[in-house]
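Contents: one structure, followed by commentary.
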Amino acid sequence: VIADSIETVTGAQGFDGVVAIGGCDKNMPGCMIAIGRLNRPSLMIYGGTIRAGRGSDGEKLDVVSAFQSYGALLAKSIDETKRLDIIEHACPGAGACGGMYTANTMASAIEAMGMSLPYSSSTPAEDPQKQEECLRAGHAIKHLLEKDIKPRDIMTREAFENAMVTIMALGGSTNAVLHLVAMARAVDVPLTIDDFQTVSDRVPFLADLKPSGQYVMEDLHEVGGTPAVLRYLLAHDALRGDCLTVTGKTLAENLAELPDLTEGQDVIHSWDRPIKETGHLTILRGSLAPDGSVAKITGKEGYHFKGPAKVFDCEEEMLGAMERHEIGKGDVVVIRYEGPKGGPGMPEMLSPTSVIMGAGLGQDVALITDGRFSGGSHGFIIGHITPEAQEGGPIALVQDGDIIAIDAKRRSIDLEVGEAALAERRAAWKPPELKAKRGTLYKYIKNVKSASEGCVTDE
């Protein structure tokens, strides 16, 4: 909807170029998809990250703290007074969610790709430097128009590889897989979910950022920001420095005169002492996800999980079960019919993962879904299960008590049920009614591709 709206207005008004301002998760890929389709001189300004909140006791907070406080309340590890204090202080001002969640992930990827100006992704929303960036953007778009530099000159295969490398090093969101595949398809660049695995295998996870770490984007900006990280990656030959950017210069030229990471900082670990020697995003396949799924495995959750399924046909059912304390250690929570067609729109399972983490079950419960996760989700989580339940994928056939085995080392996710039993279940299965039968959502359901294909609607 965002991409279609930008494309429609820009085309109808005959704009010569586009300066897009994206402020949260879906806005930025929506902007980039439209920019790519139109292929007129363009750049993106990131609205900026929020600053960290502080509780009454001085505890550093962010939006996920508020979500997790509900799980902590259910587990009786905090009381209602503490929960309300967290909620009141979690978000102190303007800006997108502060950790390496989807907004900051996509902003960093787009800066690494060369489609926004240096420091765009790490400058806080309320920092005066963000206003200065807007002035610099005016000069930049004028230069792009004069030189006729277009998005497809910048959004090359090599630029997408730079974006993927940056995502892996920073510990970015699973949503980046979905969004970058869609952005690439908008500019006819071949990119698949397996390309993320290839990059993950060679790039270490370096950033101690939330949700799995302790710092937020504001902290990264204070020790050098995204350009300093890109300089570090370039120094280790992880990036292509010859890629063109919206400044009209190459990535390496943009970074040449900018400072390195602050000496002694601990937000970004060193290349030879990473948090994890390979990337945190893993593409899993198996009998439960023949066409792929995406896991965020930072290492702290372990690499293997095997347990009985607890099956829910929507997010709300699962949250009700948590309130009734029906989910326990060792369970594999399955939330289905939340995919592109079933959701519709592939909603985020932030509340389920936050409740699990807040209840102290993050290392003891796995969660799989054909929906998405928030960039703020963490734990032993696998999303984007394809084919989705609404399409009759294997996830639609899972029953309570079925054993599900997940092995991140082998990149496998399997349902341990015999073929005969599955065939019997498949014969009895009928797709539920679509949740939308008219209007925008119905058109989306009828046109959307799978998660592994970027959920695009124009192919």
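Read the figures in this text as sums done on the coordinates, not as results from a lab. Since the structure is predicted, the reported quantities are computational estimates derived from the model, not experimental observations. No Cβ is skipped: glycine too gets one built from the backbone with ideal geometry, and neighbour counts run over all protein chains shown.
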Modelled label reach - E126, point 7 Å along Cα→Cβ, the stretch 54-69 residues with backbone N closer than 11 Å: 54
Once the Cα gyration tensor of the stretch 281-453 is diagonalised, semi-axes √(5λ) in Å: 23, 18, 16
Positive dipole terminus of the chain, leading residue within G376, F15, A72 (C-beta point charges): F15
Cα-projected label distance for S270 with R157, points at 7 Å along beta-carbon direction, nm: 3.6
Cβ-Cβ FRET estimate between L135 and A12, R0 fixed at 25 Å, reported to 0.05: 0.35
Helix-derived mean residue ellipticity, 222 nm - over the chain, DSSP H n ≥ 4, -39500 (n - 2.57), to 500: -11500 deg cm²/dmol
Computed magnitude of the charge dipole of the stretch 207-334 (debye, nearest 20; Cβ of K, R +1, Cβ of D, E -1): 480
Kirkwood Rh in Å, taken over all unlike Cα pairs in the stretch 141-190: 12.0
C-alpha long axis of helix 157-170 to longest principal axis of the chain, angle in °: 60
Between the stretch 204-248 and the stretch 315-377, the Cα center-to-center distance that results, in Å: 30
Förster radius 30 Å - calculated FRET efficiency between E88 and T440 (Cβ-Cβ, nearest 0.05): 0.30
Nearest 10 degrees, 0 to 90: helix 175-186 Cα axis against the chain principal axis: 60
Calculated over the stretch 17-73: convex hull of Cα atoms, volume per residue (Å³): 74
Whole-angstrom Cα spans of the chain along principal axes, big to small: 64, 51, 40
Additional length obtainable on full extension of the chain from K249 to R426, 0.36 nm per residue less Cα span: 58.1 nm
Protection proxy ranking, peptides 241-254, 157-170, average beta carbon neighbours within 10 Å, highest first: 157-170, 241-254
Longest to shortest principal axis, alpha-carbon extents of the stretch 360-459, angstrom: 41, 38, 25
Across K26/K446; K142/K249; K210/K296; K341/K446; K276/K300; K26/K150, pairs whose alpha-carbon gap is larger than 18 Å: K26/K446; K26/K150
Rough spin-label spacing in nm, given labels placed 7 Å along Cα→Cβ, for D400 and C24: 3.5
Simple spin-label estimate for D260 and E146 in nanometres, 7 Å along Cα-Cβ: 3.5
Rounded tilt (10° steps) of 128-147 against the dominant C-alpha axis of the chain: 70
Alpha-carbon gyration tensor eigenvalues x 5, square-rooted, for the stretch 1-158, Å: 37, 16, 12
Lysines with Cα under 20 Å of K82, excluding same-chain neighbours fewer than 8 positions away: K60
Sequence of F67, F380 once ranked by neighbouring C-beta atoms within 10 Å, starting from the fewest: F67, F380
